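The values are calculated or read from the model by the stated rules, or taken from the named source; none is laboratory data. Computed from a prediction, not measured in an experiment: that's the story for all the values here. Virtual Cβ from ideal backbone geometry, glycine too; neighbours counted across all protein chains shown.
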Amino acid sequence: MVAKTVLRHPLKSAAVVGAATAAMAVSVAVPAVHAAAEPKEPKPTVVLVHGAFVDASEWASVIGNLQRDGYHVVAPANPLRGLASDAAYLRSYLNTIDGPIVLAGHSYGGAVMTEAAAGDPQVKALVYIAAFALAKGESVNALGAKFPATALSTALTSASYPLADGGSGVELYVQPAKFHNVVAADAPVAIADVAAAAQRPVAASVFAEKTTAAAWKTIPSWDLITTQDQAINPAEQEFMAKRAHAHIEKVASSHAVPLTHPDAVTAIIKQASRATSH
């Protein structure tokens, strides 16, 4: 059964009603003093990890939503050069943050955070947004082979790039003409075309690398499954979410859900924050 989250924002009255008697004044004042004395639990820092073929700008609307609600939000660049090295970079970034963290990853960003957050006591919740929640020793390719292929598999193109050791590697792009239908079908064509033009390629090697740790084994997780996804099979997303015993929500969205359904993404991040902030 899919849990449904309803966010309510009750208005707080600032009116002060004059007391008719001293006794009434005392009875009204006591609860007010008690409420003021209770410490307010600070919100965690929300760290957003983007996936392949995009950059942190995909989180723009989600960031705005969370900031308006008083959250401190950061969205570091995911290098997209290798699962182990990307996870090491994210881990070093997390180490610069004081206090509790809610870590959210989209797409391949989920694989990176799964490894990076393992053993980090500051990370209180993991939020998978149409993302890979891999098990230890599992790769994106190995898991994906167990499910029907999506349209993404025939929409990629490759190019070589130089490595630091003098060799060369292979990186992958989504063909611009196919980006809208495959990645962001529910976005306006003009917006998808901009995202296609600005896409960041991912090293092909990341999909064969095996993760060395699975943070969801010890950290509570939430999972937003995109039922119209043409990049990661929705059945694969659901398999990973159930295996991780995640709190599951679903949305009729393309893979580009942070861009096309930012309110749904915001809601599940806030749900994770509230559930782990105590």
- If you go through region 227-246 one residue at a time, do you hit one that is surrounded by 23 or more Cβ atoms within 10 Å (Cβ to Cβ), under 12 Å from the mean Cα position of the chain (by Cα) and touching a residue at least 24 places away in the same chain (Cβ under 8 Å)? no
- Can you name every residue in region 148-164 that is surrounded by 12 or more Cβ atoms within 10 Å (Cβ to Cβ) and in a loop (DSSP other than H, G, I, E, B)? Thr150, Ala155
- Message: Looking at region 247-278 only, could you name the residues that are assigned to a helix (DSSP H, G or I), more than 15 Å from the chain's Cα centre (by Cα) and small (Gly, Ala, Ser)?
- Response: Ala275
- Query: Which pairs have Cβ atoms under 8 Å, sit 6 or more apart or on different chains, and link a residue in region 248-273 that is more than 23 Å from Ala151 (Cα to Cα) and of a type in the set (Lys, Arg) to one that is surrounded by 20 or more Cβ atoms within 10 Å (Cβ to Cβ) and at pLDDT 95 or above?
  - Reply: Lys270/Leu66
- Message: Quick check on my filter: what residues within region 65-88 are part of a helix (DSSP H, G or I) and either more than 16 Å from the chain's Cα centre (by Cα) or in contact (Cβ under 8 Å) with a residue 24 or more places away in the chain (or both)?
- Response: Asn65, Leu66, Arg68, Leu83, Ala84, Ser85, Asp86, Ala87, Ala88
- Query: Is it the case that some residue within region 205-215 is charged (D, E, K, R) and loosely packed, with under 13 Cβ neighbours inside 10 Å?
  - Reply: no
- Message: Looking only at region 92-143, count every residue that is part of a loop (DSSP other than H, G, I, E, B) and closer than 11 Å to Ala215 by Cα and tell me the total.
- Response: 9
- Message: Among the residues of region 170-177, are any more than 19 Å from Ala149 (Cα to Cα), aromatic (Phe, Trp, Tyr) and at pLDDT 95 or above?
- Response: no
